[in-house]
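The structure under discussion appears below in the form of structure tokens.
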Amino acid sequence: MDERVLGRTGLRVSAIGLGTLTWGRDTEADTAAELLGTFVEAGGSLVDTAASYGDGAAELLLGTLIGEVAERDDLVLVTKAGVRRAATGSLADTSRRALLDSLDASLTRLRTDHVDVFCVQQPDAVTPADEVARTLEHILDSGRARYVALANHPAWRTVRVADLLAPQRLAAVEVEYSLLQRGVEREVLAAAREIGAGVLAWSPLGRGVLTGKYRRSVPADSRAASAHLSGFVEPYLGSAAAPVVEAVVTAADGLGCAPLEVALAWVLARDIASAIVGARTPAQLRPVLASSLVLPPEIVTALDEVSAPALGYPERR
């Protein structure tokens with residue numbers, strides 16, 4: 001598998017990352033072990049998780065596999081904090097207390113003394129940017145993370161935190177990016193380039209919709225049929241996504257490959273460091289790892305046109 005450098009750092013990451021959103025809940029230990037083993041055997045290194053995934057279950061399961069299925073030194077561990085459970089549901093909390101407590105708990109679950117990339121999962125409306133920046137500086141200086149990043153932040157907030165950090169200390173932004181979600185092209189990608197942050201693209205297959213499996217119905221064993229993940233997939237099951245999905249399927253038919261290969265190749269050709277794929281089973285992961293498709297320019301143009309994000313003032317005048 002290709003390796004890419006994360007932004008202006010020297011950190012090398014695999015072009016495909018392994019997501020763990022369903023680990024410890026929908027993906028059980030034996031399956032997770034096979035997923036991780038298959039991923040590492042194919043040359044994968046970046047494994048993405050979060051304290052909020054299964055309320056820590058994903059990290060806990062991953063921690064049991066490190067040293068057994070994959071050596072710690074062979075992995076680039078990315079974990080996230082900033083979302084905690086409250087009486088009213090999930091709550092964004094990026095205060096110093098919340099981030100440090102969450103990271104310490106993550107390290108315990110992962111059975112390691114540091115993660116390679118620590119990521120603030122989303123902004124909150126209360127914590128000032130300078131408090132977030134100072135906390136990230138402390139985390140770096142303490143050695144509990146080698147690099148720090150922001151996920152799902154708007155461009156202005158990303159640049160603000162980066163400015164408050166020492167130069168070049170914000171290593172990456174982690175954002176949703178696919179043919180069904182190109183909103184980051186309006187400002188976030190340009191901001192990342194400006195500050196030298198690498199881009200980690202989550203859900204490059206459009207939350208599974210770009211595989212084409214939802215074109216006719218919702219499979220009983222899919223995320224869209226799951227009680228706790230149906231809301232995650234639902235935004236891309238409507239009429240707005242249909243033309244994009246059909247274009248991907250048509251391109252795949254013409255190229256003699258699977259739709260997921262087309263969707264993944266499109267993302268990998270963008271200016272990103274790694275595309276994080278959250279396969280639930282080894283059968284879903286293997287074709288992702290085996291694909292080496294490079295899209296012809298005319299197909300890229302067609303996909304760009306059918307999926308183009310709406311632009312207006314001030315991005316376009």
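No lab work stands behind these numbers, since they all come straight from the coordinates. Since the model is a prediction, treat every value here as computed from it, not as a measurement. Don't worry about glycine lacking a Cβ; one is built from the backbone with ideal geometry, like all the others, and counts go over all protein chains shown.
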_Using only the alpha-carbon atoms, what does the range 167-278 span along each of its principal axes? Please give whole angstrom values in decreasing order._
50, 36, 22
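Relative contact order of the chain, please, whole-number percent, based on alpha carbon pairs below 8 angstrom and at least 6 residues apart. Could you put the intermediate results ahead of the total?
Working: 568 pairs, mean separation 58.5, N = 317.
Rounded, it is 18 percent for the chain.
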_Place a point 7 Å from Cα of Ala166 in the direction of its Cβ. Which residues in the range 114-149 have their backbone N less than 16 Å from it?_
133-149
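Any idea what the dipole of the chain comes to, in debye rounded to 20, about its Cα centre with Lys/Arg Cβ at +1 and Asp/Glu Cβ at -1? Mind dumping the intermediate values first?
On the way: 31 positive and 40 negative charges, 120 e Å.
Using only the charged Cβ atoms, the result is roughly 580 debye.
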*Does anything in the range 239-283 have its amide N under 11 Å from the 7 Å Cα→Cβ label point of Val300, and if so which residues?*
266-271
*For the chain, evaluate the Debye formula with one uniform point scatterer on each Cα (no solvent term) and list log10 I(q)/I(0) at q = 0.15 Å⁻¹, rounded to two decimals.*
-1.29
_Binned Cα-Cα distances of the range 1-87, short to long, each 10 Å bin given as a whole percent_ = 17, 49, 28, 6, 0
*Considering the chain as a Gaussian network with a 10 Å cut-off on Cα pairs, which listed residue, Trp156, Trp23, Trp266, attains the greatest mean-square fluctuation?*
Trp156
*Which cross-chain or sequence-distant (5 or more) residues have an amide H under 5 Å from the amide H of Val76, H modelled 1.01 Å from N in plane?*
Leu46, Val47
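Please give the calculated 222 nm ellipticity per residue for the chain, where each DSSP H segment of at least 4 residues contributes -39500 (n - 2.57) and the sum is spread over every residue; nearest 500 deg cm²/dmol? If you can, show how the numbers build up before the last one.
Values: 11 runs with 117 residues, N = 317.
Taking each H run of at least 4 residues, the total per residue is -11000 deg cm²/dmol.
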*Spin-label point model (7 Å from Cα, Cβ direction): what's the Ala29 to Ser239 distance in nm?*
4.9
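Around Leu289, under 15 Å between beta carbons, what's the net of Lys plus Arg minus Asp minus Glu among the other residues?
On the way: positive: Arg280, Arg286; negative: Asp2, Glu3, Glu34, Glu41, Glu261.
Result for the local shell: -3.
If you average the sequence gap of Cα pairs under 8 Å that are 6 or more apart and divide by the length of the range 76-192, what percent do you get for the contact order? Don't jump to the answer; show the numbers that get you there.
Working: 175 pairs, mean separation 26.4, N = 117.
About 23 percent, as a whole number.
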*Cleavage-rule hits, GluC sites (Glu not before Pro), the range 1-104, DSSP coil, Cβ neighbours within 10 Å at most 12*: Glu28, Glu68, Glu71
